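Heads up, the thing below is written out as structure tokens.
The values are calculated or read from the model by the stated rules, or taken from the named source; none is laboratory data. Quick caveat: nothing in here was measured; it's all calculated off a predicted structure. For neighbour counting, all protein chains shown are included, and Cβ atoms are generated from backbone atoms with ideal geometry for every residue, glycine included. Side chains are part of the model used for accessible areas, which takes the heavy atoms of the whole protein and leaves out ligands, DNA and RNA. Shrake-Rupley method; radii C 1.70, N 1.55, O 1.52, S 1.80 Å.
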Amino acid sequence: MKIRYFVILVLFSQIFCTKDKDNTQELLATAVIADLVTSPFTRITPKPGTFTTQVDHGATPYTYTATFDPKCSGTEGNVNFYFFRKTVAANNKKLLINFMGGGACWDNANCFGSNTVTYFNQLNVIPDFALDLIFKGVIDQSVAENPFRDYDIIFVPYCTGDLHIGSKDKTYTSGTIKHHGYDNVISVLKFIQSSYPQLDRVFVTGQSAGGYGAILNYPIIRETVTTIDSGAQVRMLSDASNAVVPTAAYALSSPAFFPLLESSWGVETNGIGSGTGFSSSNLPIWVNGISANYTTGSSPSINDFFKKVATEYPGDVLGQYTALFDGNQRFFYHTMGQINKINNSALTYSNATTSDPYQVGKSYSVIYGDSDGSSVPDGSSSSSNDYTTCDWSKQAVSKMKDAATKTNYRYYIGPGDIHTITTYNDMYSLNSGGVNFATWLNTLANGVSPPANVQCNDSSGSCVNTNLFNSTINGNLGKATSDESYSLNPKQDIYTTCGGVAGIGL
């Protein structure tokens, strides 16, 4: 566990802040030290072009077209988009498509600032071999238990801050961000068309922002794959991407989050997809219930999107994973609330930092807090829609159980507060409710029938005793906790704070 965080600290320490010269030198020094490392991945740099595939869903089959221009956000060290391919066998018919995570930005308050940027914006600074060093789990084909050991891999980096779904140059007060994640995805699909004349099995996954990329782009990936080979089996897992977000019904006259997909990222009127009955959209209009103005409509949500996609493709299997107290998702939920307060003049934006009260030498944004979620207010079992820890967990559980009304959807709720699991080898030892995650994932990806839904339980405190961030407070208590719960006398874990099973909805 400690090695995992050391590597991330060295190479991805700036995932929530802009690049400075000192950090660039540190990254380059790391590259020199490991210069002899050879990556098994091949870098592919796509050029602008036109993509077409057939869409056979809806009233009438039609040709889907998208003119794409792949690129990163445009900030220094984050200009050029490229992706990676690993082949394990000639003429392989099995393919894993993995979307990288790395936060998101949708407002001047979190797209800029040395301490307030909340998306990965340094793709061109990270050496290629880092892919093989940092990303393990489903990517590590040396592990016998890996469900994708014999799959080719397409790894889709993330550098646009838009959950892999945007196609817009957005001008904010402090500058312009090129949100062209969907252009990048389409360029990857064009490559797959030319490189895989046959496909038997395709599994789509992604972590954090990449998990949203996996589900939001699943319909177009699925249509592309089945145009290549109509008999291909296509399935997916969204890792740590639960989309507990503000809605129009929240207090403070807070703007809902989903309309920002259009106003900031251009997924609808500024989109690049065209087909029968629609144009200029990045949304899968052929999926029943997903209209051209879905994100600005009455009740858009990832939960609703999952259900609609599951209904459209009843023969596919769709899955979601989260840790019950996922710290980074709690951080982003709280950040959304803070940005809404800034835009409602209830909070003044600040680029300042504050010191972690329990970890010497650590500091973080004074307005957004610690990205591990420890500084997010606890709330309680009765709190709702208030951007707190307990509220996030309650909503995440509720949404997953609601989506599970679809017979081809499955969830795995793990213990602890670690953010994401599928690109760490911890996935092979993780257990929840007596079920090993890697075994569950293998059944989800390759089984004849979907696995059962899984959730941690209160036996021996299994929801908070394992899968923990390597923080001072978690280490001292031996359980998932927060600054607020840790300050109590006696100190308390967040499962107890939130009311356990009854308070969270397990």
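Rg/Rh for the range 1-504 stands at 0.93; both radii use Cα atoms, and Rh follows the Kirkwood definition. Between Q141 and N489, the modelled label-to-label distance comes to 5.8 nm, taking each label 7 Å out from Cα in the direction of the beta carbon. Sorting K136, K47 by solvent-accessible area of protein heavy atoms yields K47, K136, largest first, with a 1.4 Å probe. Heavy-atom accessible area for H180, with the other protein chains in place and a 1.4 Å probe, reaches approximately 20 Å².
Relative to one another, the C-alpha centroids of the range 468-506 and the range 282-335 are positioned 29 Å apart. For the range 131-247, the relative contact order works out to 20 percent when only alpha carbon pairs closer than 8 Å and six or more residues apart are counted. Here the spin labels are modelled as points 7 Å beyond Cα on the Cα-Cβ line, and at T269 and S382 they lie 4.4 nm apart.
Tell me the mean residue ellipticity at 222 nm calculated for the chain from its helices only (DSSP H runs of n ≥ 4, each -39500 (n - 2.57), averaged over every residue, nearest 500).
Computed mean residue ellipticity for the chain: -8000 deg cm²/dmol.
Once both labels are positioned 7 Å from their Cα atoms along Cα-to-Cβ, the gap between S291 and A346 label points is 3.0 nm.
What are the membrane-span-like helices in the chain by this rule: whole DSSP H runs, Cα extent along the axis at least 20 Å, mean Kyte-Doolittle hydropathy at least 0.0?
Span-like helices in the chain: 181-195.
Taking the solvent-accessible surface of protein heavy atoms with a 1.4 Å probe, what is the per residue accessible area of the range 274-430 in Å²? Walk me through the numbers on the way to the answer.
On the way: 5280 Å² over 157 residues.
It amounts to 34 Å² per residue over the range 274-430.
Solvent-accessible surface (1.4 Å probe) assigned to E262 amounts to roughly 30 Å². Converting phi to 3J(HN,Hα) with the Karplus coefficients 6.51, -1.76 and 1.60 and the offset θ = phi - 60°, the range 489-506 yields 10, x, 4, 9, 7, 7, 5, 5, 4, 7, x, x, 3, 5, x, 9, x, 6 Hz in sequence order, with x at every glycine or proline. Of interest is the spacing of the C-alpha centroids, which for the range 395-442 and the range 124-176 amounts to 21 Å. Shape index of the range 344-499: Rg/Rh, with Rg the Cα radius of gyration and Rh the Kirkwood radius from the inverse mean 1/r over Cα pairs, equals 1.01. Using Cβ point charges alone (K and R +1, D and E -1), the dipole size of the chain about the Cα centre works out to roughly 580 debye.
Between the amide H of G414 and those of T322, A323, L324, distances stay under 5 Å, these residues lying 5 or more places away or on another chain, with hydrogens modeled in the peptide plane. At full extension, V79 and Q198 could sit 39.5 nm farther apart than now, given 0.36 nm per residue minus the alpha carbon distance. Applied to the range 355-366, the Karplus parametrisation 6.51 cos²θ - 1.76 cosθ + 1.60 on θ = phi - 60° returns per-residue 3J(HN,Hα) values of 7, 5, x, 10, 10, 4, x, 9, 9, 7, 3, 5 Hz, with x for Gly and Pro. Rolling a 1.4 angstrom probe over the range 1-504 with all protein chains present gives an accessible area of which 51% lies on carbon and sulfur atoms.
Over the chain, Cα pairs under 8 Å with separation of 6+ residues give a relative contact order of 14 percent.
Backbone amide hydrogens, once placed in the peptide plane, bring I44 within less than 5 Å of F83, F84, R85, excluding anything fewer than 5 places away on its chain. On full extension, the segment bounded by S230 and A404 gains 60.0 nm, given 0.36 nm per residue less the C-alpha separation.
In this structure W265 has an accessible area near 0 Å², from a 1.4 Å probe over the protein heavy atoms.
Computed 3J(HN,Hα) for the range 42-52, one whole-Hz value per residue from the Karplus formula 6.51 cos²θ - 1.76 cosθ + 1.60 where θ = phi - 60°, is 9, 7, 10, 10, x, 9, x, x, 10, 10, 9, glycine and proline marked x. When the charge dipole of the range 1-504 is built from unit charges on Cβ atoms (+1 for Lys and Arg, -1 for Asp and Glu) and taken about the Cα centre, the candidate among I473, P300, Y495 whose Cα reaches farthest toward its positive end is P300. Beta-bridge orientation, the chain: approximately 50 percent antiparallel, per DSSP, counting only bridges with both partners inside.
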